[in-house]
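Since the structure comes first, as structure tokens, the remarks are kept for the end.
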Amino acid sequence: MSNFIDELKIFKDFKYIEKNGKIGIAEYTGTEKYIEIPSYIEEKPVVAVLDISFSSKALTGVKLPDTIISIGSLAFANNNLEDIEFPKNLGFINLKAFENNKLKKVVIPDSVIYIGDSAFQKNSITELTLPHKIEKINVFAFMYNELSEIHIPKNIEKIEVGAFAFNKLVNVSIDNENINIDNLAFSNNKLDIIKVGNRTFNTNATNENFVYKFY
């Protein structure tokens with residue numbers, strides 16, 4: 001891979017990288033709190049928001065073009081984002097991409113096939129819609145939020161450590177009867193009921209170390 005530092009170009013308030021006829025946004029240099037990322041630069045599609053490119057910019061809102069297919073690690077971490085509409089062709093949300101924001105409602109499109117560790121950790125999410133192509137919820141992905149209930153679609157085969165820890169979950173509905181749920185995946189919640197397929201499990205909400213295995 002060539003040295004990206006040498007390839008940085010500038011378009012308005014954005015530094016970017018061009019590779020194989022496609023654009024990745026590398027840095028935002030402006031001061032606006034609400035930004036719109038361009039869909040094309042020099043007639044080339046903007047397909048990626050690269051690692052750390054918008055981190056710690058005090059952003060309150062962002063509009064992402066439908067050309068985006070990848071959001072890099074820590075790309076929007078440590079801002080004040082309250083809502084986000086994801087591109088319809090988005091495939092990858094990487095490590096800590098939206099960590100430490102103020103997101104409340106998150107609808108992840110079915111095009112997404114990967115959600116990285118801690119991707120939405122430390123937000124204020126009360127409503128969450130998961131995509132129907134990912135096979136697992138990664139470590140700490142939605143930890144420290146405000147969820148009171150969650151529906152896990154059938155495609156998800158594994159929920160990893162701490163994925164939904166430190167929320168306000170009371171009810172969890174899981175479609176996949178063969179799911180593997182790691183220890184502490186739902187720790188520090190208020191769970192009363194977990195429904196898995198046609199089976200309902202009454203849980204001990206005070207037992208934070210309970211391991212749920214339904215396979």
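What follows is calculated from the coordinates using simple rules that are stated; it is not laboratory data. In this text, all values refer to a predicted model and were calculated from it rather than measured experimentally. Note that each Cβ is placed from the backbone with ideal geometry, even for glycine, and that neighbours are counted across all protein chains shown.
Restricting attention to segment 159-169, the residues being exposed (fewer than 15 other Cβ atoms within 10 Å of the Cβ) and over 11 Å from residue 143 (Cα atoms) number 0.
Among the residues making up segment 134-158, a single one is among the small types (Gly, Ala, Ser) and buried (at least 18 other Cβ atoms within 10 Å of the Cβ): 141.
Could you check how many residues of segment 121-168 are among the basic types (Lys, Arg) and within 12 Å of the chain's Cα centre (by Cα)?
Residues of segment 121-168 among the basic types (Lys, Arg): 122, 133, 136, 154, 158, 168.
Checking the rest, the ones that are also within 12 Å of the chain's Cα centre (by Cα) come to 122.
Of the residues in that region, 1 qualify.
Applying the condition of being part of a loop (DSSP other than H, G, I, E, B) and without any contact (Cβ under 8 Å) to a residue 40 or more places away in the chain to segment 42-56 and asking which residue is surrounded by the fewest Cβ atoms within 10 Å (Cβ to Cβ) yields 43.
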